[in-house]
Each structure stands twice: as C-alpha cells, then as structure tokens.
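Notes follow once the structure below has been shown.
Only the coordinates and a few stated rules stand behind these numbers; no lab work does. Note that the structure is a prediction, hence the values are computed from the model and not measured. Backbone-built Cβ (ideal geometry, glycine too); neighbour counts: all protein chains shown.
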Amino acid sequence: MAKSIKNICCIGAGYVGGPTMTMIAAKCPHIIVNVVDINEKRIAAWNDPDVENIPIYEPGLSDLVGQTRGENLFFSTDVDAAIKAADMIFISVNTPTKTYGVGKGMAADLKYIELCARQIAAVATTDKIIVEKSTLPVRTAEALRSILDHTGNGVQFDILSNPEFLAEGTAVSDLLHPDRVLIGGEQTENGKKAQKALVDVYSNWVPKERILMTNVWSSELSKLTANAFLAQRVSSINALSELCEVTEADVNEVARAIGTDSRIGSKFLKASVGFGGSCFQKDILNLVYISQTYGLQEVADYWEQVIIMNDHQKRRFAKKIVKTLFNTVSGKKIAIMGWSFKKDTNDTRESAAIYVADYLLNEQAEITVYDPKVTAEQIYSDLNYLGTRSDEENRRLLKVVTDPKIAVEKAHATAILTEWDEFTEFNWKNMYDSMLKPAFLFDGRMLLDHEELKSIGFEVYTIGKG
Ligand code: UDX
Ligand code: ADP
C-alpha cells in the first residue's frame with residue numbers, strides 16, 4: 001500500500017513552486033501544503049493581504065491563492081518546521097547556470113539543491129519522499145541519495161523526479177490540464193510505493209492515462225530534452241526568418257505551410273526576436289555540458305547551435321535598428337515596448353529585451369521602456385547583471401515609464417519586444433503623431449497590423465518579411 005500523503009512541504013516559492021503548490025492545495029483540500037523559502041521578502045509578498053500583490057504574475061493565480069491561502073496553503077520562512085511536518089518534500093529551488101569554476105557558463109549550479117538535501121537530512125526525524133521539481137541534469141538524484149544517506153538520522157528517504165512542464169503566462173491552465181505528468185522513481189519496492197503516493201496526489205484532478213511513470217534517469221533527461229526540442233523549433237523558424245527577409249518569402253506563410261503537416265504541427269513556429277525564459281537556454285547549455293562530459297562532442301555541438309542561432313537573432317534585430325536609423329542611434333530616443341520574455345508574465349530571465357537594449361546602449365542610444373507588469377528595479381537589475389556599464393549609467397541612459405504614450409514621445413523608433421495583447425489596442429495614430437519623423441517601428445514579435453501602421457505613416461520592419 002502506498003502511503004497516503006497528508007502534509008506536503010515545498011522548498012522554494014518561485015515561478016515553479018508557487019503556482020504548482022497552489023494548484024495541489026486547490027485540488028487536494030485534504031492535504032496541508034507548506035511552501036517555504038529563505039527569501040523573506042518573497043514570502044511576505046505571498047502572504048500580502050491583497051492577493052493581487054503576490055510576487056508572481058500569472059493569469060488566474062491570485063484568485064486561486066485567495067481561495068486556498070490560510071485554508072490548506074501556507075507560505076513561511078520556517079523551513080525546518082515544514083520539513084519536519086511533511087510526508088513529501090518538493091525541492092523547487094533555483095538551479096542557475098554556473099558562473100564560476102568547472103562547467104562555468106554551461107553546467108547547472110546545484111549548490112541550492114545540495115543545501116536543501118543537507119537541511120532535510122539534518123532535520124528529518126520521520127520517513128520522507130523527496131521530489132525533485134526543479135529542472136536538473138540527469139543523475140542528480142544520485143547526489144541527493146548520497147547526501148541523504150550519509151548525513152541523515154537513519155530515516156528512510158525515497159527520491160522521485162517529477163519535472164514541471166508548465167509554461168509561464170499559462171501556468172494555471174497548464175497545471176489544471178497538463179499534457180502529461182511525469183514521475184520518475186527508483187526501481188525498488190519502496191521506490192514504486194513512493195511513485196504511487198505521488199500518483200495518488202495528482203489523480204485528484206489529472207486523468208490516470210496522463211500520468212507517466214519512468215525510471216528516475218529518464219524523467220530527469222526528458223525535461224531537459226523537451227525544452228531543447230521546443231527551443232530548437234524556435235531557432236529553426238528564426239533561422240528561416242532571416243532567409244525569408246532576403247528572398248521575399250514571408251515567414252508566417254512558411255510557418256503555416258510547415259505547421260499544417262500534422263507530423264510537424266503548428267506550435268512553436270512563431271518567429272521572434274529570440275527565445276528567452278529561465279529554462280530554454282539553461283537547459284540546452286546543460287545538455288551541451290552533459291554531452292561534453294560523456295565525450296559526445298558532435299552531440300554537444302549540435303545542441304549548442306540552437307543557442308548560437310538564438311544569440312544571432314537577438315543581435316541581428318538590434319543591428320537592424322541601428323542600420324535602419326542611418327547607421328547611428330547615438331543620442332536618439334528609442335522606445336522599447338515589453339521587457340518580459342513573453343506576454344502574461346513578469347519574469348524577465350534571459351529576455352531578448354535585455355540583450356537588445358544592451359546592444360543599443362552600447363551604440364549610445366537613449367532608451368525608454370514600457371512593460372505592463374515588470375518593475376523599473378527589475379529592469380535595472382537585469383541590465384546591471386550584464387556588467388556592461390555602471391548602475392548610474394544604465395539609469396541615466398535608460399528610463400522606465402508607466403505610460404506608453406510617454407515612452408514614444410519624440411522617439412526616433414519604437415521596438416516591440418514582447419507580444420503583450422494591450423500593444424495591439426494602442427492608438428497607434430496618436431503614437432505616430434508624437435514620434436519624430438520618419439517614425440520607425442520594429443516589430444520583434446510580428447504582433448501588429450503592419451499594413452495599417454504603414455497607412456498611418458510608419459516605416460515598418462518586422463521579423464521574417466523582406
Ligand atoms: C518552457 C517550456 O515550454 C515549459 O514546458 C517548461 O516547463 C519551461 O520552459 P516557458 O519558458 O515558460 O516554458 O515559455 P515558452 O512558452 O516555452 O516560451 C519560451 C520562449 O520562446 C519565449 O521567449 C517565447 O516568446 C519564445 N517562443 C515560443 C517563440 O519565440 N516562438 C514560439 O513559437 C514559441
Ligand atoms: P523557479 O523558476 O525554478 O521556480 P525561482 O528563482 O523563481 O526559480 O525560485 C526559486 C526559489 O528557491 C527562490 O525564491 C529562492 O529564494 C528559493 N531557495 C533557494 N535555495 C533555498 C533553500 N536552501 N531553502 C529555501 N528556499 C530556497
């Protein structure tokens with residue numbers, strides 16, 4: 001008989017842990033869910049009396065938190081107490097790309113995972129099922145197992161891999177109707193019981209046939225490769241977008257033609273200024289690094305090309321702006337619309353906007369940014385993180401505004417970098433009137449009605465059209 005789970009702890013209240021635990025709490029009222037994080041500010045925001053102030057913007061998430069928080073969903077910084085009380089512990093901490101030492105710039109930094117494992121081992125006095133939720137390189141469970149077994153209090157630990165496939169911006173609906181839930185377990189009797197215990201949690205709302213069980217290693221590797229395949233499609237269509245621009249083919253038409261082949265399918269064929277987000281780049285670099293460590297250089301090179309193409313796409317877009325503005329943007333005002341890596345999220349990790357802005361700032365442009373959900377402090381922190389110039393300089397050259405009309409006032413050019421719906425509803429005639437002429441518009445998301453913009457008077461450039 002699988003153990004019936006009554007108390008869940010999730011370590012890490014981020015973009016994965018927060019929404020996932022909220023959904024478990026909403027669908028399993030009989031389970032107490034404690035979400036813990038060492039970041040006091042983040043936990044305070046999750047506990048803000050006004051649910052609109054929770055730290056993560058996702059359509060529908062605030063409502064769900066409102067329904068469950070204080071009932072069976074709790075946010076706290078008391079990690080030890082939550083570990084002690086739990087039957088099952090999800091590890092949902094960040095695994096950034098290493099910025100130092102061996103594997104710098106490629107391998108995942110597992111120090112936060114290791115700290116969690118050590119803390120669990122030190123604190124646990126009863127048996128626990130440990131669930132890897134963060135995206136991890138294949139064979140991480142081995143390290144977890146070793147730490148838990150060598151430093152624990154003799155209690156039993158079962159390790160599962162249950163990677164999260166939700167996409168940001170659609171987290172709530174992805175969690176509600178997942179294509180699949182993947183549960184990797186150790187191939188032992190206890191491992192199978194642990195797997196079954198987690199299946200029982202998901203079965204409260206996910207149809208049984210969508211819950212896939214594999215061994216731990218397949219599950220860990222599937223998450224990395226699912227993201228690599230998706231990113232590869234975006235880089236493929238982006239590579240075609242450049243070809244379209246010189247051949248007078250239209251990348252949207254090409255994408256439609258390719259996408260109607262049911263063997264290929266229509267999704268992830270939207271050319272853009274480049275993919276961003278916390279997963280794609282990190283996971284591919286990870287895959288490249290793992291391949292290299294096993295001596296598989298061709299495999300590593302193959303996947304690395306997806307990243308090289310993506311960097312090229314971002315740079316190419318920024319270069320196009322400079323070239324079009326008569327080869328100089330020095331002292332010119334450029335309005336950037338959108339900073340998040342895609343619409344409906346306030347997450348900016350690896351967003352194309354950061355790199356485009358940095359390129360333009362190097363060319364001495366003056367930038368104004370408008371994004372409906374990203375804060376000014378986040379924008380400066382993203383730029384400062386690149387280390388290209390000082391914080392003071394970034395703040396002097398780039399201004400963040402809360403009104404799109406102010407962003408475009410006396411601007412030489414406007415660039416759309418995120419596909420926020422509200423951009424399509426702007427009064428573009430008024431925008432045009434307040435810009436300098438010729439008024440250039442660069443659509444990095446193929447979002448707007450370009451014929452209409454041209455009839456207003458804009459000089460329009462879009463990805464994938466000559
Ligand atoms: C991704 C995976 O989709 C998800 O399953 C995984 O759990 C985490 O990583 P996410 O990063 O939230 O999710 O966003 P996704 O919708 O995959 O988009 C990633 C990037 O690719 C975005 O910058 C998006 O704008 C870009 N993209 C996506 C395109 O440029 N064109 C497309 O056709 C699709
Ligand atoms: P993701 O997108 O994977 O959810 P985030 O960076 O949004 O990543 O969230 C990870 C969270 O994990 C952060 O809020 C961070 O403070 C938290 N965290 C990292 N290490 C620990 C730890 N040892 N104990 C508790 N929380 C941690």
Around Ala411, which amide H atoms from residues at least 5 apart in sequence, or from another chain, sit under 5 Å from its own amide H, with H modelled in the peptide plane? Leu436
Given 25 °C and 0.890 mPa s, how large is the Stokes-Einstein diffusion coefficient of the chain in µm²/s, with Rh as the Kirkwood radius over Cα pairs? 104 µm²/s
Neighbour-count ranking [beta-carbon atoms within 10 angstrom, fewest first] of Lys429, Lys333, Lys410: Lys410, Lys429, Lys333
Neighbouring Cβ atoms within 10 Å as the yardstick, rank Thr375, Thr348 fewest first. Thr375, Thr348
For the chain, averaging the sequence separation of alpha carbon pairs under 8 Å that lie six or more residues apart and dividing by its residue count, the contact order in percent is 12 percent
Against the longest alpha carbon principal axis of the chain, how many degrees, from 0 to 90 and to the nearest 10, is the axis of helix 189-202 turned? 50 degrees
Ranked by Cβ crowding within 10 angstrom, fewest neighbours first, how are Tyr289, Tyr100 ordered? Tyr100, Tyr289
Counting only residues 5 or more apart in sequence or on a different chain, those whose built amide H sits under 5 Å from that of Gly152 are none
Net charge near Glu142: determine it from the other residues with C-beta under 13 Å of the C-beta of Glu142, scoring Lys and Arg +1 and Asp and Glu -1. -3
Of Lys3/Lys223; Lys104/Lys128; Lys343/Lys410, which sit over 29 Å apart, Cα to Cα? Lys104/Lys128
Return a whole-number percent for the relative contact order of the range 375-440, with Cα pairs under 8 Å and 6 or more residues apart as the contact set. 31 percent
The range 97-173: Rg to Rh, with Rh as the Kirkwood radius over Cα pairs: 1.04
Note on the range 337-466: contact order normalised by length, alpha-carbon pairs under 8 Å, 6 or more apart, percent, works out to 24 percent
Amide H contacts under 5 Å for Val35, placed H, 5+ residues apart: Cys10, Phe74, Phe75, Ser76
What list of ³J(HN,Hα) values in whole Hz, one per residue of the range 278-285 in order, does the Karplus curve 6.51 cos²θ - 1.76 cosθ + 1.60 (θ = phi - 60°) give from phi, with Gly and Pro shown as x? 7, 9, 3, 5, 4, 5, 5, 4
Using a ≥ b ≥ c from the Cα gyration tensor of the range 343-466 (square roots of the eigenvalues), is it rounded, prolate or oblate, where a/c under 1.5 gives rounded and otherwise the larger of a/b and b/c decides, a/b for prolate? prolate
Determine the sum of side-chain charges near Leu243: Lys and Arg each +1, Asp and Glu each -1, restricted to other residues whose C-beta is under 14 angstrom from that of Leu243. -3
Please say if the range 147-276 is rounded, prolate or oblate, where rounded means a/c under 1.5 for a ≥ b ≥ c the square roots of the C-alpha gyration tensor eigenvalues, and otherwise the choice is prolate for a/b larger than b/c and oblate otherwise? prolate
If R0 = 56 Å, then Ser266 and Thr125, at their Cβ-Cβ distance, give a FRET efficiency to the nearest 0.05 of 0.60
Applying the Karplus parametrisation 6.51 cos²θ - 1.76 cosθ + 1.60 with θ = phi - 60° to the phi angles of the range 244-260, what ³J(HN,Hα) value in whole Hz is obtained for each residue in order, glycine and proline being reported as x? 4, 4, 9, 10, 6, 7, 10, 4, 5, 5, 4, 4, 5, 5, 5, x, 7
Checking the a/c ratio against 1.5 first, then a/b against b/c, what shape does the Cα gyration tensor give for the range 1-145? oblate
With the charge dipole of the chain built from beta-carbon charges (+1 for Lys and Arg, -1 for Asp and Glu) about the Cα centre, the Cα from Ser146, Ala124, Val65 projecting farthest to the positive end belongs to Ser146
FRET efficiency estimate (nearest 0.05) - Cβ-Cβ, Lys3 to Thr328, R0 60 angstrom: 0.35
Gln67 to Lys399: extension gain in nm, 0.36 nm per residue of separation minus the Cα-Cα distance? 115.7 nm
Derived scalar couplings ³J(HN,Hα) [the range 439-447; Karplus, 6.51 cos²θ - 1.76 cosθ + 1.60; whole Hz; x for Gly, Pro]: 8, 9, 10, 10, 9, x, 10, 6, 8
With Rg from the Cα atoms and Rh as the Kirkwood inverse mean 1/r over Cα pairs, the range 283-407 has an Rg/Rh of 1.05
Using alpha-carbon coordinates, inclination of helix 17-27 to the longest axis of the chain, degrees: 60 degrees
The whole-number value in µm²/s of the Stokes-Einstein translational diffusion coefficient for the range 262-352, with Rh from the Kirkwood sum over alpha carbon pairs at 4 °C and 1.567 mPa s, is 83 µm²/s
Ranked from highest to lowest mean number of other Cβ atoms within 10 Å per residue, what is the order of the peptides 38-48, 413-423, 257-267, 166-176? 413-423, 166-176, 38-48, 257-267
Just round it to a whole percent: the fraction of Cα-Cα distances in the range 234-302 exceeding 21 Å. 43 percent
Between their Cα atoms, which of Lys314/Lys437; Lys405/Lys437; Lys208/Lys267; Lys111/Lys208; Lys98/Lys373; Lys270/Lys333 are more than 23 Å away from each other? Lys314/Lys437; Lys208/Lys267; Lys111/Lys208; Lys98/Lys373; Lys270/Lys333
